[in-house]
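Comments concern the structure below.
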Amino acid sequence: MTINIILGVSLVLAAAWTVMTARLLRSVIGLALTSMILTIIMFKLNSPLAAVFELSVCAGLISAIFISCISLTQRLTDEQAATKQKERFSKFWLLPVILVLAGVALYQVHIPLDFHLQAAPSESDVRNIIWNLRHLDLIGQIAILLAGAFGVVALFKD
Amino acid sequence: MLSPLLLLPLLAIMILNLPIRSLTQKLSVWVGVGLSLWQIVAVILLATGRGCTDTWGKFFTLGLSCDNLTLVLLMSIGIVTLTTILVGWQTIGGDKQRFGFMNLVFVAMIGMNGTVMLTDLFSLYIFIEVTAVASFILIAYQRDTNALEGAFKYIILSATATVMMLLSISIMLLVVGDTSFAAVGSAVKQSQGNPLVMFAVGIFICGLLIKGGVVPFHGWLPAAYSAAPAAASVLLAGIATKTSGIYALIRLTTSVFANNESVNSVLLLAGTISILVGAFAAIGQSDFKKMLAYSSISQVGYIILALGCGTNLAIIGAVFHLFNHSIFKSLLFVNSAAVETQSGTTDMNKLGGLGTKMPVTNATSLIAFLSTAGVPPLAGFWSKLIIVIALWQNGLHTYATIAVLASVLTLAYLLLMQRRVFFGKVADGLANVKEAGWGITVAASILATITVGVGVLFPWMFNSVLMPISSFLK
Amino acid sequence: MNDSFILLPIAIPFIAGLVVLLISQRIQSVKEAIALLATAATLGLTITLYGENINFSIPWTGFGIDFALRLYHFSAFILVAASAFSFLFVLYSCSFMRDKPYLNQFYSYLLITLAMANGAVLSDNLVLMLFFWEGLMLTMFGMIAIGRPGAYKTAIKAFIIVGGTDLCLMLGIGIAGHLAGTMTISKISLPVDFLGSLAFVFMMIGAISKAGSVPFHTWIPDAAVDAPLPFMAFLPASLEKLLGIYLLARISLDMFKLTAGSWISILLMTIGAITILLAVMMALVQKDYKRLLAYHAISQVGYMILGIGTCLPIGIIGGLFHMINHALYKSCLFLTGGAVEKQTGTTDLAKLGGIGIKMPVTFVCFLIAAASISGVPPFNGFYSKELVYDAALERGTIFYLAAILGTFLTAASFLKLGHAAFLGKRSEQNDNVRETSLPMLVPMIVIAAVCIVFGVWNYLPLNDLIKPILGEERLAGYEFSPNTMLITITVIVLVGALLHHLFAAKVNGSGYKASDHIRHAPFLEVIYTKAEKRWFDPYDIGLKIVQGTSRLGWWIDRGIDWLYEDFAVQVAKGLSSIIKLAHTGSYSMYVVWSLIGVLFVVIMLMKSF
């Protein structure tokens, strides 16, 4: 029980840091952290497939998109970073409010799920899922990382 | 035969990037030509029923599948990649630059080949993303302001699409517990309009519409197409967005979302709006590539419209138009590449009278624009005809009429383009323009031959090649 | 022999034609070699194919339209003739066309024309035949157009006339196919009822206009002046006659059950008779070598149509025999014309004269061919005309009279031509004229020799080539021995023509002016003057009508034009600029659009809740 609470709290903290930090690179690290915590939570909830998806989305895809995005944007100066740092609380205070309200609203709305739900696959070993079920995704991820690497080579080099 | 289509480009990238650059830099172009030619041959072998045993597949459980729709797409991917490489060979200066470009094209090839062969919603997302990431970098390849702006717009809207697709996949996973097409398809059928499932379907379709550049999700498209380097815009406009957006949409609406009535009405509407907005916007453009980009939006509208019609004939028309569009739109972009490299501008106000200077480009552009406008007996005419007939048969008379009238608009703006760029008096400062290099003219000639050939051979192809496409509809 | 060999007579020249077009203009001899080789190969092939019966068919477009070819006696015969003529003309052109512009196009058009002609002759399907027929029209257009600057006008005229009549052919084919329920020629056998005769007349228009009959002939004399000369010898003089008469014979012998008493038979005979007379009257007064020949090319078609129109076996045999004879002597005549043009630089009769002694071989060939066309015994033209006379006399004296009058005038005009061009006084600039080169002489000599062979031993072509076309049962009971009375009359007429010419030449002062008294005869003068001003040319009449109506329609047109030109464009531009305004280039704007779109789609999908 305690571990669940710790995980939940650290997930929220990591996510908040990801959004609020002024540097894009830090934001990337925050996102990776968030997704790792989320993965662990999903394993604990006995949903390995979702966990693997989460892992692959964040580890591979999002990072590559970030790399290309960073390469296309300009770096903030230190002054700009400092002002952003100051503004962040005033900018994002609405966020938790909206989140809570949305949660309440979703809880109130009745979503009809009155059809047969299939059981999630029972294999809990992440290696099994990555290596035996989702070869194709691995190839895709390799390709994305390659693209990211070429992007860095092509766009950063001067 | 299927898994090599993915693994060979991957292998090629790895070998080319071994630390023997001085050798591989020169070799990369030839490898690209070889790969794309091999892909075309492989498709022909597959289509004639040979090479279906997948020896490589024994080592990997990739779960690839191949039906006639896949073959059509693989064929167009092969052809357009070949032309992209030829154009890139000619237009991108410097061995190093060219080498990087080729690597990215291979990555895009992996992405597109994977997209058309896979059978899983999540893998679909990944491979769409592969194509997209390669495209971002290709668009920004020249690193000038326009290119970065175009790439940035694409990234932003693409990220929106990503969020939507992922949200949809997560809902599907919640509801179905699996993401394979078969499982999702049967669950969607069983759920019979459950709002949560319909929500997932809706946002997935929206994600794909963004990727495909359908109005009103098209904001990124003109900037991206026109800012990309010449060769990249051929790949992008010709096949990349068509595979990741339109092919996926065809696949999902036919075999996964199971011809849902309300999905169809959405598609009909989006298609019509695309056709009209694209065509009208194209008329007002003075930039060659921007006009082509809007024309692309308009033509994609036809495919979406046919998809929304939903009958077998309409879907055959959609697939056929997808193929034709990838050929003639690539051809038009190849021509724009020729004009851009030779005259240094794509502003049509500064161009004029290039027809006598660039006879091959002039002739092939004429063929391409006539095919786009649907003038018989070129390929574009037949696919539009099938679409219009299918719409009419299905009782969608208004849509059919709009489709026919819009092709007049297509003719109008492309004729305007042809006149402003190629006909008339030679514009100032263009007196010394010469025909583009052999890579571009060869690419243009290949595509023009295909357009004319498919058009002329259509009566033979209709029963033997086109009708069997519908076999994937079951 | 493999059945697919039948494709080769079409494929060889066609591919060779494309190859020639691609070869650079500079290596002329390679082009010539390829053209010679291709035509020689086709000729050899068609000779080996002769006597075979092949039915070849592969599925084509569906709907009962197959790629069906049929080789049998008649088509094989035409194939051999067409290939032989092409070979000779290519040989001739090697010398004649040397150093002329557009050479690459000329050879490839010639070869493709041969391919199309072979295809049209071989095809056993009406639609397929039409396909080749239209191809022929295109190459013809090209060949006229490359002739000389300004030839485009003539080319367009030819294109419109031939195109219009091809349209009739298309209509006829449509009706015939509808009536018969099949497009396969060998399976069609239609009665001549109302619709049947309609189909026949439409197809007949297509056929006889290809052959160059009145009133579809007016482009030929113009083309004679504009087009390269081998074209004239090749298309209007030989190949198109072969094709047109072949088609006419096919439709009247095989496809339709034509009887001697039907009104179509009379229609055909009337067209034939009018063609003979009208064209020969025009020919008589021409002052140009090539134009004169061109009018004769029209006039002689009349005999063929007359012969086939009689619907009597003897007449049909005569018509077909005349077709092959005409192709021989007329092409020979055109070739002599080309030789004269090449050596003297002109075809204007006023500037020619007395060159017979300088160009003896050409002159002899001319004499033989001219004797043939005038029907002098024992040359080939005499025998075929004799058969036509025989049949015409049986159907009606008036047709016979027209035919014999035509012969009189033909003889008179050729006497005049020969006299003016080769005899008489030689002008000074022609003093240095020499005999023409060997590649040009060989075709002339070969053809002239065949003229004599077909004349003296006329039973050879008749028994071996022409009669099998009709088959034994149709010919039963007919004799083909020359009719003594008719021969006598013919000889008298010919002698009359000679006397008339001698007398007229003396009265008018020279051979060149020998026909002037006819030209200026009362009543005839008016008609001639108007004819020269093209009053009777349906094309020019049509042009005037079109111009009149177009002026009338101009104002209406302006109004509609405004609707399209200004109104529609303004509307489109307006819409376009509105859409352009919406594309601000701001990505946040685009994201907002997309989200609105998503909202809309989701609402539409979930609206049932």
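Among the numbered criteria (1) in a helix (DSSP H, G or I); (2) modelled with pLDDT under 80, which single criterion is violated by residue B:430?
(1)
Could you grab the pairs with beta carbons closer than 9 Å, sequence gap of 6+ or different chains, first residue in segment C:581-609 and closer than 16 Å to residue B:158 by Cα and facing chain B (nearest Cβ under 7 Å), second one part of a helix (DSSP H, G or I) and of a type in the set (Ser, Thr, Tyr)?
Listed pairs, sorted by first residue: C:591/B:160; C:594/B:160; C:598/B:160.
Test of understanding: among B:135, B:123, which residue is in contact with an Asp or Glu (Cβ under 9 Å, 6 or more places away or on another chain) and either in a helix (DSSP H, G or I) or farther than 20 Å from residue B:297 by Cα (or both)?
Details: B:135 fails: in contact with an Asp or Glu (Cβ under 9 Å, 6 or more places away or on another chain).
Going through B:135, B:123 in turn, just one is in contact with an Asp or Glu (Cβ under 9 Å, 6 or more places away or on another chain) and either in a helix (DSSP H, G or I) or farther than 20 Å from residue B:297 by Cα (or both): B:123.
Taking the conditions exactly as written (within 11 Å of chain C (Cβ to nearest Cβ) and either among the aromatic types (Phe, Trp, Tyr) or part of a helix (DSSP H, G or I) (or both)), does residue B:249 satisfy them or not?
Numbers: within 11 Å of chain C (Cβ to nearest Cβ): no; either among the aromatic types (Phe, Trp, Tyr) or part of a helix (DSSP H, G or I) (or both): yes.
Answer is no for this residue.
Is at least one residue of segment A:128-135 within 7 Å of chain B (Cβ to nearest Cβ) and either out of contact with any helix residue (DSSP H, G or I) (no Cβ under 6 Å at 6 or more places or on another chain) or at pLDDT below 75 (or both)? Break it down into steps so the answer makes sense when it comes.
From segment A:128-135, those within 7 Å of chain B (Cβ to nearest Cβ) are A:132, A:135; that's our starting set.
Filter again for either out of contact with any helix residue (DSSP H, G or I) (no Cβ under 6 Å at 6 or more places or on another chain) or at pLDDT below 75 (or both), leaving A:132, A:135.
Yes: one or more hits.
Please work out which one of (1) within 14 Å of chain C (Cβ to nearest Cβ); (2) under 16 Å from the mean Cα position of the chain (by Cα) is the condition residue B:261 fails and give its number.
(2)
Does residue C:126 fit the bill of being more than 30 Å from residue C:189 (Cα to Cα), crowded, with 18+ Cβ neighbours inside 10 Å and at pLDDT 80 or above? Spell out how you get there, then give the answer.
Details: more than 30 Å from residue C:189 (Cα to Cα): no; crowded, with 18+ Cβ neighbours inside 10 Å: yes; at pLDDT 80 or above: yes.
No, not satisfied.
Which one of these is more than 14 Å from every other protein chain (Cβ to nearest Cβ), at pLDDT below 80 and touching a strand residue (DSSP E or B) at 6+ places or on another chain (Cβ under 9 Å): C:66, C:3?
Numbers: C:66 fails: more than 14 Å from every other protein chain (Cβ to nearest Cβ).
Of C:66, C:3, the one residue that is more than 14 Å from every other protein chain (Cβ to nearest Cβ), at pLDDT below 80 and touching a strand residue (DSSP E or B) at 6+ places or on another chain (Cβ under 9 Å) is C:3.
Could you check, for segment A:31-44, whether at least one of its residues is in contact (Cβ under 8 Å) with a residue 40 or more places away in the chain and among the aliphatic types (A, V, I, L, M)? Explain how you work it out, then say what you get.
Initial filter on segment A:31-44 (in contact (Cβ under 8 Å) with a residue 40 or more places away in the chain): A:43-44.
Now restrict to residues that are among the aliphatic types (A, V, I, L, M): none.
The answer is no, given that none of the residues of segment A:31-44 is in contact (Cβ under 8 Å) with a residue 40 or more places away in the chain and among the aliphatic types (A, V, I, L, M).
With under 25 Å from residue B:345 (Cα atoms) and touching a residue at least 24 places away in the same chain (Cβ under 8 Å) as the only criterion, which of B:200, B:182, B:224 stands out?
Details: B:200 fails: under 25 Å from residue B:345 (Cα atoms); B:182 fails: under 25 Å from residue B:345 (Cα atoms).
None of the other options fit; the residue is B:224.
Report whether or not residue C:409 is at pLDDT 80 or above, part of a helix (DSSP H, G or I) and under 26 Å from residue C:314 (Cβ atoms).
On the way: at pLDDT 80 or above: yes; part of a helix (DSSP H, G or I): yes; under 26 Å from residue C:314 (Cβ atoms): yes.
Yes.
Are any of the residues in segment B:277-294 within 20 Å of residue B:165 (Cβ to Cβ), touching a residue at least 60 places away in the same chain (Cβ under 8 Å) and not basic (Lys, Arg)? Write out each step before concluding.
Taking segment B:277-294 as the starting set, the residues that turn out to be within 20 Å of residue B:165 (Cβ to Cβ) are none.
For segment B:277-294, residues within 20 Å of residue B:165 (Cβ to Cβ), touching a residue at least 60 places away in the same chain (Cβ under 8 Å) and not basic (Lys, Arg): absent.
Going through A:51, A:22 one at a time, which residue ends up being in contact (Cβ under 8 Å) with a residue 40 or more places away in the chain and crowded, with 19+ Cβ neighbours inside 10 Å? Break it down into steps so the answer makes sense when it comes.
Numbers: A:22 fails: crowded, with 19+ Cβ neighbours inside 10 Å.
Going through A:51, A:22 in turn, just one is in contact (Cβ under 8 Å) with a residue 40 or more places away in the chain and crowded, with 19+ Cβ neighbours inside 10 Å: A:51.
Identify the residue in segment B:317-371 that is of a type in the set (Gly, Ala, Ser) and in a loop (DSSP other than H, G, I, E, B) and, among all such residues, is surrounded by the most Cβ atoms within 10 Å (Cβ to Cβ).
Residues of segment B:317-371 of a type in the set (Gly, Ala, Ser): B:317-318, B:326, B:330, B:336-338, B:343-344, B:352-353, B:355, B:363, B:365, B:368, B:371.
Applying the additional criterion that residues be in a loop (DSSP other than H, G, I, E, B) yields B:344, B:352-353.
Values: B:344: 12, B:352: 19, B:353: 17.
The selected residue is B:352.
Specify the residue that is surrounded by the most Cβ atoms within 10 Å (Cβ to Cβ); the eligible residues are those in segment A:30-48 that are over 22 Å from residue B:159 (Cα atoms) and of a type in the set (Val, Ile, Thr). Steps first, answer last, please.
Residues of segment A:30-48 that are over 22 Å from residue B:159 (Cα atoms), as a first pass: A:37, A:40-48.
Narrowing the set further to residues that are of a type in the set (Val, Ile, Thr) leaves A:37, A:40-41.
Working: A:37: 20, A:40: 16, A:41: 18.
Among residues in segment A:30-48 that are over 22 Å from residue B:159 (Cα atoms) and of a type in the set (Val, Ile, Thr), the one surrounded by the most Cβ atoms within 10 Å (Cβ to Cβ) is A:37.
Report yes if some residue within segment B:416-434 is surrounded by fewer than 18 Cβ atoms within 10 Å (Cβ to Cβ) and farther than 15 Å from residue B:357 by Cα; otherwise report no.
yes
If we only count helices (runs of 4 or more DSSP H) wholly inside segment C:240-314, which ones have 1 or more residues that are over 23 Å from residue C:396 (Cα atoms) and among the charged types (D, E, K, R)? Give the derivation first.
Working: elements: C:240-250, C:263-284, C:289-309.
Counting at least 1 such residues, we get C:240-250, C:289-309.
Considering each residue of segment C:23-62, count those that are modelled with pLDDT under 80, loosely packed, with under 13 Cβ neighbours inside 10 Å and on the phi < 0 side of the Ramachandran plot, and give that number.
Residues in segment C:23-62 being modelled with pLDDT under 80, loosely packed, with under 13 Cβ neighbours inside 10 Å and on the phi < 0 side of the Ramachandran plot: 7 in total.
Restricting the search to segment C:187-230, which residues are aromatic (Phe, Trp, Tyr), closer than 16 Å to residue C:298 by Cβ and assigned to a helix (DSSP H, G or I)? Give the derivation first.
Kept after step one, since they are aromatic (Phe, Trp, Tyr), are these residues of segment C:187-230: C:194, C:200, C:202, C:216, C:219.
If we keep only those that are closer than 16 Å to residue C:298 by Cβ too, we end up with C:216, C:219.
Once the filter is applied, which keeps residues that are aromatic (Phe, Trp, Tyr), closer than 16 Å to residue C:298 by Cβ and assigned to a helix (DSSP H, G or I), segment C:187-230 yields only C:219.
Can you say whether residue C:141 is in contact with a strand residue (DSSP E or B) (Cβ under 9 Å, 6 or more places away or on another chain) and under 25 Å from residue C:86 (Cα atoms), as far as the supplied structure shows? Show your work before the answer.
Details: in contact with a strand residue (DSSP E or B) (Cβ under 9 Å, 6 or more places away or on another chain): no; under 25 Å from residue C:86 (Cα atoms): yes.
Spelling it out, it is not the case that residue C:141 is in contact with a strand residue (DSSP E or B) (Cβ under 9 Å, 6 or more places away or on another chain) and under 25 Å from residue C:86 (Cα atoms).
The values are calculated or read from the model by the stated rules, or taken from the named source; none is laboratory data. None of these values were measured; they are calculated from a predicted model. Here the Cβ is made from the backbone with ideal geometry for all residues, glycine too, and neighbour counts use every protein chain on show.
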